[in-house]
1. So if each residue of separation counts as 0.36 nm, and I subtract the Cα-Cα distance between R514 and E154, what length gain in nm does that give?
2. By the gyration tensor of its Cα atoms, with a ≥ b ≥ c the square roots of the eigenvalues, what is the shape of region 486-540: rounded for a/c under 1.5, prolate for a/b over b/c, or oblate?
3. Please give the per residue volume of the convex hull enclosing the alpha carbon atoms of region 431-497, rounded to a whole number of Å³.
4. Can you pull the percent of region 120-326's accessible area that's carbon plus sulfur, 1.4 Å probe, other chains left in place?
5. Okay, which of region 129-149 sit inside 14 Å, backbone N to the point 7 Å along the Cα-Cβ direction of Q180?
6. If I model a spin label as a point 7 Å beyond the Cα along the Cα-Cβ vector, how far apart are those points for H240 and A106 in nm?
7. Near the amide H of L220, under 5 Å away, which other amide H atoms are found, from residues 5 or more places off or on another chain, if H is placed in the peptide plane?
8. Quick check for you: with a 1.4 Å probe and neighbouring chains kept, what is the accessible area per residue of region 152-282, in Å²?
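The values are calculated or read from the model by the stated rules, or taken from the named source; none is laboratory data. Just so it is clear, the model here is predicted, and its values are computed rather than measured. Quick reminder, even Gly has a Cβ in these numbers, built from the backbone with ideal geometry, and neighbours come from all protein chains shown. Quick note on the areas: whole protein, heavy atoms, side chains included, nothing else; ligands and nucleic acids left out. Shrake-Rupley method; radii C 1.70, N 1.55, O 1.52, S 1.80 Å.
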Amino acid sequence: MAREELSTEIVNRGVEPSVPDAGSPTFSVRVRRRLPDFLQSVNLKYVRLGYHYLLSHGVYLATIPVIVLVCGAEVGSLSRDELWRKVWDEATYDLATVLAFLAVLAFTISVYIMSRPRPIYLIDFATYKPADELKVSKAEFIDLARKSGKFDEESLAFQSRLLAKSGIGDESYMPRCVFQPDANCATMKEGRAEASAAMFAALDELFDKCRVRPKDVGVLVVNCSLFNPTPSLSAMIVNHYKMRGNILSYNLGGMGCSAGVISIDLARDMLQASGAGLAVVVSTEAVSFTWYAGKRRSMLIPNAFFRAGAAAVLLSNRRRDFRRAKYQLEHVVRTHKGADDRAFRSVYQEEDEQRIKGLSISRDLVEVGGHALKTNITTLGPLVLPFSEQLLFFAGVLFRHLYPSKTSTPPPPAANGDTSAAAPYIPDFKRAFEHFCMHAASRDVLEHLQRNLGLRDADLEASRAALHRFGNTSSSSIWYELAYLEAKGRVRRGDRVWQLAFGSGFKYNSAVWRAVGRVRRPSRSPWLDCIDQYPARMDA
């Protein structure tokens, strides 16, 4: 492995209690993998895949200018008198010919319009704000965990260190059942109670905001990674709202934090295939089923980061909904690295040595996530980047592909310390998107994303704010970030929003939205009581 992909950390392990070194301070050096610099090693096949997506949709539009150019050249070579003579004097018409021509023209236009996929509109969305009694500060988290009697002091100290550098503030939400002493919180009763409270609150707000009856919904997609009861969560929603009998309902499980974008993609496909009209996507996670009460450190990590949350989204493919829609879906790009064993096991649910179930986070997560992200943005780039950025990016990739020996070892920096000449060209995604909603997994992950994508602090403000206020809410986190942007009043007509999420499998998924009109500040939002305190509050 390249030395550049490793980082070191000196850890103070305290005073040695045992002989022969009793009383002496001890230290250890911890080696960590950093997020790979994917822009140094872009795979050309994923660039080709992105251009294939672009050309397969643009080939029809590309033929129109050619036809216009050929016809224009032919007509332009004739004078006005010659053109008039060819049209009226030399040509003969009859009623049957004219009617046949009009019929063929009308049929062709009808087939073209009917064969085109209808645009997918996002009418509105709602995010769940739990009750204030579920707020847990970092200090209270450790205190309650200690009182529960489920952890030894070493495990508590490890979780405390994770919380200190997590980027999570003191007002995130957790179900209190996880702190109950000597009790198993991962029960079906607790899971159903937690999931129903989050989903129904988000859906009640969504139906009320959009003035839509539950019976009008034709497609329902629900995702929750770890809690998968029978009947399913989607069936719970159908039963609670008494939805219609022919609804197309789907329940996605085990797909991690990227399932929110996957659900949008599935809902889009079902709307286009069935013509159902309205679709609802619900993204949530049951924190009680991620809670781990053992000693293995890789399985204690989710305890410190995951928090309660949910989001409900209303989509439509009805053209009449254009006027009231907030956004239109432009692209969905999905990347799956499950064929690689390390990627597959990077986020893995299993039992530890004491047969306590939990979610294990591998040390390879950052590395395999970097490779998946590289694939995803390389495929997405040709679809969204301006032509000038695509040209410079593609030229750099092609040069490194044709002359690997000249780019394998970068030249030394210039005398003035400038290394820009040695670095590859990094596409400026700020020219493609006005707003970024990166999955708020942790502060370290966001810093890696910012550094490798060349983003500014302002570009990741929504992600950092969502992490600080609500924690990692899994698949719904990208919607808390979009709600932040709306509460700030920053989304204007024509703005493009990039939602990027990753999860177990290992998957990286992107969704691109374009604002149909100026998005007004919402009257209901989980941010309304604290939006004026951000971003300053994150630095407090």
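1. Details: separation 360, 0.36 × 360 = 129.60 nm, distance 4.83 nm.
The span from R514 to E154 would gain 124.8 nm if fully extended.
2. Verdict is oblate for region 486-540.
3. Numbers: hull volume 5.5 nm³, N = 67.
About 82 Å³ per residue, rounded to a whole number.
4. 51 percent
5. Correct set: 148.
6. According to this spin-label approximation, the distance is 5.0 nm.
7. L248, S249, Y250, V280
8. Working: 5160 Å² over 131 residues.
Counting only protein heavy atoms, the per-residue value for region 152-282 is 39 Å².
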